[in-house]
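Only one structure is covered here, and it is reproduced in the block below.
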Amino acid sequence: MIQIAFEPAYDPYHTAFRFLLQGKYAAESIQIAKARIVDIFVLEPFRIERIRVPNSMRRSKSLAVSCQPPFYGQRPSTQSLFNQARAIQDAALQTMALRGLISLDKFELGQLRVIEENFPKEMSILINEQTEKLRPALQFLLDDLGQFPFDGRGGMKDRTQLGEFKYDVV
């Protein structure tokens, strides 16, 4: 028997789509390092449960976790998935920049800025549909969690445990 396994985390097209969701939702530039972290939680919202946030954000965090579709099998740790997805994220970002889906100038400066005018009509429809499905997760990750600085103690890297923060210059 031949079995084909699809893992969205390691699919550059799926990864590009998730980055476009972020850019469309944010409607402004996002730091690429931040977008990489957010990507892991957009991919699998159940992982949001482990993010440390103040009590005032607990409700929006619970709504974000509820966006998780069913999955089967064992999942790798969040840190492991984040580290393994890096090469795929790089490929997706470079391809989007070269295809004109994100601003090449901003990309070179470490920013993600989508150019919606260059989206095919079908892609815009899919992005809009998926943005609505994932709105609670995107809202929590980009609006609520986005209030915190990226670097340093209490920053996004610290709260998600997806990056070394102890030696950040803040």
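The values are calculated or read from the model by the stated rules, or taken from the named source; none is laboratory data. All of these numbers come straight from a predicted model, not from anything done at the bench. Here the Cβ positions follow ideal geometry from the backbone for every residue, glycine too, while neighbour counts run over all protein chains shown.
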Given the conditions (1) within 26 Å of CYS67 (Cα to Cα); (2) modelled with pLDDT of 95 or more; (3) touching a helix residue (DSSP H, G or I) at 6+ places or on another chain (Cβ under 8 Å), every one holds for MET156 apart from (2)
Just one listed residue, out of GLN130, GLN139, is in a helix (DSSP H, G or I) and under 23 Å from PHE6 (Cβ atoms), and it is GLN130
Pairs returned, first residue in region 64-79 that is in contact (Cβ under 8 Å) with a residue 12 or more places away in the chain, second residue that is of a type outside the set (Ser, Thr, Tyr) and not in a helix (DSSP H, G or I), beta-carbon separation under 8 angstrom, 6 or more apart or interchain, are CYS67/LEU134; GLN68/GLU44; PHE71/GLU44; ARG75/GLU44; THR78/GLN161; THR78/LEU162; GLN79/GLN161; GLN79/LEU162
If we take region 1-94, then helices (runs of 4 or more DSSP H) inside it with 3 or more residues that are modelled with pLDDT under 95 and of a type outside the set (Gly, Ala, Ser) are 12-26, 58-65
Just checking, does region 80-97 include any residue being among the polar types (S, T, N, Q), surrounded by fewer than 18 Cβ atoms within 10 Å (Cβ to Cβ), under 22 Å from LEU142 (Cβ atoms) and touching a residue at least 40 places away in the same chain (Cβ under 8 Å)? no
Going through region 152-170 in order, the residues found to be of a type in the set (Asp, Glu) and either over 21 Å from ASN83 (Cα atoms) or surrounded by 17 or more Cβ atoms within 10 Å (Cβ to Cβ) (or both) are ASP158
In the set SER103, SER124, the lone residue that is more than 21 Å from PRO45 (Cα to Cα) and in contact with a strand residue (DSSP E or B) (Cβ under 9 Å, 6 or more places away or on another chain) is SER103
Out of (1) within 21 Å of TYR13 (Cβ to Cβ); (2) without any contact (Cβ under 8 Å) to a residue 40 or more places away in the chain; (3) not in a helix (DSSP H, G or I), the one GLU117 does not meet is (3)
